[in-house]
Amino acid sequence: MKVLLINGSPHDNGCTFTALNEVAKTLNGEGVDTEIISIGKAAIQGCIACDMCGRNGGRCTFHDDLYYRVMRCIKDGIDGLVIGSPVYYGGPNGSLCALLDRVFYSLGRELRFKPAASVVVCNRGGATATFDRLNKYFTIMEMPVVSSQYWNMAYGQTPEQVTKDEEGMQTMHTLGRNMAWMIRKLN
């Protein structure tokens, strides 16, 4: 069993990574392998709905390492997906959305019925709007959305502050446990 976690922050080891890493540690403790892919700081091309992926076996027409890394991971067979994003102006990181538009447009069939969850990290506000936007990717692709005991959010302006958000860290832990449970039940 394997879960792909996408860090939608340009900061490889920042606040979003800190929350995702808590989910990954719990999944690992439940016997589920994980891989965290960070989107990094490079510009990411958005989807142009050219439908070349439909004629190329699910491969996007744009050639970039990040997309192909995510594509290979999905095509190699994942059992679940977790997408994390910081809050930028009340929504997910635009670069992350550009990547997700391409991934879900070209690989939607591969993701259908895979359990999925979003994780959001912010300093103050915008978390629920970001959470809602990310979950729309899952519901449009018929992916069961994994829940926790609260919305999957953590608060802090630095990784250290995020780790001190006890409720946020508990939510990430519960999310990892619930994701492992759902994957086992679906398999």
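On inspection, residue 46 does not qualify as over 16 Å from the mean Cα position of the chain (by Cα) and without any contact (Cβ under 8 Å) to a residue 24 or more places away in the chain. Restricting attention to the stretch 130-187, the residues being farther than 22 Å from residue 103 by Cβ, free of Cβ contacts under 8 Å to residues at least 12 places away in the same chain, of a type in the set (Asp, Glu) and out of contact with any Phe, Trp or Tyr (no Cβ under 6 Å at 6 or more places or on another chain) number 2.
Against the definition (of a type outside the set (Gly, Ala, Ser), over 18 Å from residue 137 (Cα atoms), touching a residue at least 40 places away in the same chain (Cβ under 8 Å) and in contact with an Asp or Glu (Cβ under 8 Å, 6 or more places away or on another chain)), how does residue 23 come out, yes or no? Answer is no for this residue. In this entry, residue 102 passes the filter for residues that are of a type in the set (Lys, Arg), within 25 Å of residue 11 (Cβ to Cβ), touching a helix residue (DSSP H, G or I) at 6+ places or on another chain (Cβ under 8 Å) and assigned to a helix (DSSP H, G or I).
Against the list (1) surrounded by fewer than 13 Cβ atoms within 10 Å (Cβ to Cβ); (2) within 30 Å of residue 178 (Cβ to Cβ), the condition residue 36 fails is (1).
Quick one: which helices (runs of 4 or more DSSP H) lie wholly within the stretch 105-187 and hold at least 3 residues that are crowded, with 16+ Cβ neighbours inside 10 Å and in contact with a strand residue (DSSP E or B) (Cβ under 6 Å, 6 or more places away or on another chain)?
Hits in the stretch 105-187: 127-140, 166-186.
For the stretch 58-74, filtered to residues that are more than 16 Å from the chain's Cα centre (by Cα) and of a type in the set (D, E, K, R), the residue that is surrounded by the most Cβ atoms within 10 Å (Cβ to Cβ) is 59.
Evaluated against (1) in contact (Cβ under 8 Å) with a residue 40 or more places away in the chain; (2) among the aromatic types (Phe, Trp, Tyr); (3) touching a helix residue (DSSP H, G or I) at 6+ places or on another chain (Cβ under 7 Å), residue 113 falls short on exactly one condition, (3).
Yes or no, residue by residue, for (1) at pLDDT below 95; (2) aliphatic (A, V, I, L, M); (3) in contact with a helix residue (DSSP H, G or I) (Cβ under 7 Å, 6 or more places away or on another chain):
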position: 133; (1), (2), (3): no, no, no
position: 137; (1), (2), (3): no, no, yes
position: 145; (1), (2), (3): no, yes, yes
position: 148; (1), (2), (3): no, no, yes
position: 163; (1), (2), (3): no, no, yes
position: 168; (1), (2), (3): no, no, yes
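Considering only residues of the stretch 84-104 that are out of contact with any strand residue (DSSP E or B) (no Cβ under 9 Å at 6 or more places or on another chain) and among the small types (Gly, Ala, Ser), which is surrounded by the fewest Cβ atoms within 10 Å (Cβ to Cβ)? Restricting to residues being out of contact with any strand residue (DSSP E or B) (no Cβ under 9 Å at 6 or more places or on another chain) and among the small types (Gly, Ala, Ser), the top hit is 90.
The values are calculated or read from the model by the stated rules, or taken from the named source; none is laboratory data. Owing to the predicted nature of the structure, the values given are computational and were not obtained by experimental measurement. Don't worry about glycine lacking a Cβ; one is built from the backbone with ideal geometry, like all the others, and counts go over all protein chains shown.
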